[in-house]
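What follows is calculated from the coordinates using simple rules that are stated; it is not laboratory data. The model shown is predicted, which means the values in this text are computed figures rather than measured ones. We place every Cβ from the backbone using ideal geometry, glycine too, and count neighbours over all the protein chains shown.
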Amino acid sequence: MLRTPAAVRDAGRHTAHNYHPLPVVISSAEGAWVTDVDGRRYLDCLAGYSALNFGHRHPTLIATAHAQLDRLTLTSRAFVHDQFADFCRELAALCGKELVLPMNTGAEAVETGIKVARKWGYQVKGVPAGQATIVVADGNFHGRTTTIVSFSTDADARADFGPYTPGFRVVPYGDLAALAEAVDEHTVAVLLEPVQGEQGVVVPPEGYLPGVRQLCDERNVLFIADEIQSGLGRTGATFACEQDGVVPDVYLLGKALGGGIVPVSAVAADAAVLGVLKPGQHGSTFGGNPLACAVATEVVRLLASGEFQRRSTELGERLHSGLRALIGKGLVAVRGRGLWAGLDIDPALMSGREACERLMERGVLAKDTHGSTIRLAPPLVVTPEEIDHAVAQLAAVLAG
């Protein structure tokens with residue numbers, strides 16, 4: 001008798017229904033593959049929304065975690081531990097920044113970026129107290145705290161969670177003229193995803209990010225890049241901003257930084273920005289803990305080799321070539337960079353949810369977003385043959 005149906009029912013019995021997962025119950029995983037409680041294997045083409053860029057149970061990361069578990073896991077930031085300096089120094093070097101502020105989740109990194117930008121605005125730019133504004137883009141996804149959903153344009157994420165936090169202006173993504181109009185003397189930052197993941201892997205128009213960088217320079221405004229999903233190798237570069245020749249003032253990082261083992265996030269910026277924080281003004285008990293720092297330092301070292309960025313570029317070309325061949329055969333559009341793709345399915349055929357359920361039946365795991373759009377983001381350890389397999393299964397689903 002199959003164990004999955006009962007396990008799915010049990011999983012939903014005592015939990016709030018804030019997710020609508022596919023009916024698969026995973027019990028083990030390795031590399032780009034997961035296995036369910038009935039022993040069936042699936043090719044993971046979601047990779048934990050990029051948290052598993054290095055695959056499931058990467059041997060170097062697992063060994064590092066095991067070794068650290070035997071020594072020290074938590075001190076709080078009331079003390080210094082022996083993994084902290086290496087992590088902060090090596091991540092700062094990877095980012096080309098002077099300072100790093102470690103946190104846990106992506107949403108915490110975004111909240112930290114918002115607080116730092118406001119404090120910078122008051123102390124450095126000279127914005128009158130309580131009047132700082134931050135400009136964001138529609139279609140954004142930066143997390144689900146009350147402040148962050150205050151500037152979301154996704155009704156599911158925002159509705160019924162008010163009153164909303166003021167201080168944000170929303171403009172169309174990719175529209176430089178609208179951005180320029182929204183920035184004024186009270187603007188302290190522009191907060192953007194270099195590629196919008198939740199919106200369906202939306203790549204900005206050519207020249208947009210350089211234009212944002214120039215505008216921020218001209219108006220004395222911080223450019224904050226949310227690279228939580230797009231960064232750390234996913235798009236074929238260490239940071240998606242690199243592919244547009246842009247260096248933001250602030251990087252927001254997370255997901256892959258924890259190696260798929262522990263939640264790790266960070267804000268990276270120069271001392272002129274992060275230096276506005278003083279002891280007691282911001283913090284986190286678990287932020288920068290020894291286990292997190294040990295794992296994340298190894299993640300930084302994996303990225304420093306350049307291997308995963310190259311794999312994402314080369315295998316991404318293979319993925320996108322295969323997907324583009326399906327346009328007119330069930331797909332109406334394909335977007336993305338590296339090993340990251342947003343696919344618009346002909347809504348007359350099926351919804352994104354239906355497509356993901358049918359892919360699951362064929363041994364491939366993906367995730368839908370916004371109607372008939374699905375996302376593919378396999379781990380960067382995926383092989384060319386596995387890429388071809390995923391595309392073939394999608395083609396079969398579209399063919400009915």
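Shown for the chain: lysine pairs separated by 8 or more places, or found on different chains, whose C-alpha atoms are under 22 Å apart, numbering 12.
Only the Cβ atoms of Lys and Arg (+1) and of Asp and Glu (-1) were treated as charged; on that basis the dipole of the chain about its Cα centre amounts to roughly 620 debye. Of the peptides 302-311, 76-85, the order by per-residue mean of other Cβ atoms within 10 Å, starting with the highest, comes out as 302-311, 76-85. If only the Cβ of Lys and Arg carry +1 and only the Cβ of Asp and Glu carry -1, the dipole of region 72-304 around its Cα centre is close to 680 debye.
For the peptides 192-202, 89-99, 378-388, 24-34, the ranking by packing is 192-202, 378-388, 89-99, 24-34, with the highest mean count of neighbouring Cβ atoms within 10 Å listed first.
Using C-alpha pairs under 8 Å with a sequence gap of at least 6, the mean separation divided by the residue count of the chain gives a relative contact order of 22 percent. Listed peptides 6-12, 240-246 appear in the order 240-246, 6-12 once ranked by packing, highest mean of other Cβ atoms within 10 Å at the front. Each of C216, C293 was scored by other Cβ atoms within 10 Å of its Cβ. Listed from fewest to most, they are C216, C293. Over all projection directions, the Cα-based convex hull of region 1-116 averages an area of 10.8 nm².
Each of P166, V212, V202 was scored by the projection of its Cα onto the charge dipole of the chain, and the greatest displacement toward the positive side belongs to P166; charges sit on the C-beta of Lys, Arg, Asp and Glu. Computed 3J(HN,Hα) for region 358-370, one whole-Hz value per residue from the Karplus formula 6.51 cos²θ - 1.76 cosθ + 1.60 where θ = phi - 60°, is 6, 5, 4, 4, 9, x, 10, 9, 9, 9, 8, 7, 6, glycine and proline marked x. What FRET efficiency, computed as 1/(1 + (r/R0)^6) with R0 = 22 Å and r the Cβ-Cβ distance, is obtained for E206 and S305, rounded to the nearest 0.05? That pair, E206 with S305, gives E of 0.15. Ordering I114, G306, A67 by the projection of their Cα atoms onto the charge dipole of the chain, which places +1 on the Cβ of Lys and Arg and -1 on the Cβ of Asp and Glu, puts A67 at the extreme positive end. Computed from Cα positions, the angle between helix 106-120 and the longest principal axis of the chain comes to roughly 20 degrees.
Residue by residue, region 121-135 carries 3J(HN,Hα) couplings of x, 6, 8, 10, 6, x, 5, x, 3, x, 10, 5, 10, 10, 9 Hz when phi is fed to the Karplus relation 6.51 cos²θ - 1.76 cosθ + 1.60 (θ = phi - 60°); x denotes Gly or Pro.
Overall, the ratio between the Cα radius of gyration of region 72-304 and 2.2 N^0.38 Å, rounded to two decimals, is 0.97. Label positions at R9 and A159, each projected 7 Å from the Cα along the C-beta direction, are separated by 3.1 nm. Each 10 Å bin, from zero up to the one with the longest distance, holds this percent of the alpha carbon pairs of the chain: 5, 22, 31, 27, 12, 2, 0.
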